[in-house]
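The values are calculated or read from the model by the stated rules, or taken from the named source; none is laboratory data. Everything quoted here is computed from the prediction, not taken from an experiment. Every residue, glycine as well, gets a Cβ built from its backbone with ideal geometry; the counts of neighbours run over all protein chains shown.
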Amino acid sequence: MLPKTAEYALRTVACLARDPEQPQSADAVATQTKVPRRYLHKVLQSLVRGELVQSRPGPGGGYALARSPEAITILDVVNVVAPLERIRHCPLGLPSHTHLCPLHQELDQAYAATEAALARVTIGELLRSTSPIIPLCDFAPA
């Protein structure tokens, strides 16, 4: 349901959130997230423009979160790179459809539910999950 760009952005933000104070190089992020380096560059640019990530130049620089993982929701990340588009008007442009038809009304309700679900969960909550499966890791904590 989410575009690949949103998946890549979520992986990137989750990666940076593991140590939010420590900038990481794009190469390190690409390795950890398995996002192709060229694609990652575009994702990071979008996240910087969306003010979720900061770019720090120079030695010891790299990329770091611009806000606390507790202040970033899944929806925030998705909306920066691939916003969910609600249906506000008839997609067919039919003049007689002054309100959404039953089909588009149902679709919009599904989009609204998805939007609400993604807005409820912060990146910090994901990383504090009690699941034995850790985001972006192939092993459990020691």
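Below is a table of values for the structure above.
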item: Subset of segment 116-142 that is of a type in the set (A, V, I, L, M) and at pLDDT 95 or above - its residue that is surrounded by the most Cβ atoms within 10 Å (Cβ to Cβ); result: Ile123
item: Pairs where the first residue, in segment 4-21, is basic (Lys, Arg) and the second is in a helix (DSSP H, G or I), C-beta under 6 Å, 6+ apart; result: Arg11/Thr33
item: Unmet criterion (only one of (1) of a type outside the set (D, E, K, R); (2) at pLDDT below 95; (3) surrounded by fewer than 16 Cβ atoms within 10 Å (Cβ to Cβ); (4) over 22 Å from Gly124 (Cβ atoms)) for Gln45; result: (2)
item: Scan of segment 34-53 for residues that are over 16 Å from Val78 (Cβ atoms), touching a helix residue (DSSP H, G or I) at 6+ places or on another chain (Cβ under 7 Å) and touching a residue at least 12 places away in the same chain (Cβ under 8 Å), ordered by number; result: Tyr39, Leu40, His41
item: Members of segment 116-136 that are small (Gly, Ala, Ser) and part of a helix (DSSP H, G or I); result: Ala116, Ala117, Ala119, Gly124
item: Whichever residue in segment 57-115 is part of a helix (DSSP H, G or I) and among the acidic types (Asp, Glu) and, among such residues, is surrounded by the most Cβ atoms within 10 Å (Cβ to Cβ); result: Asp76
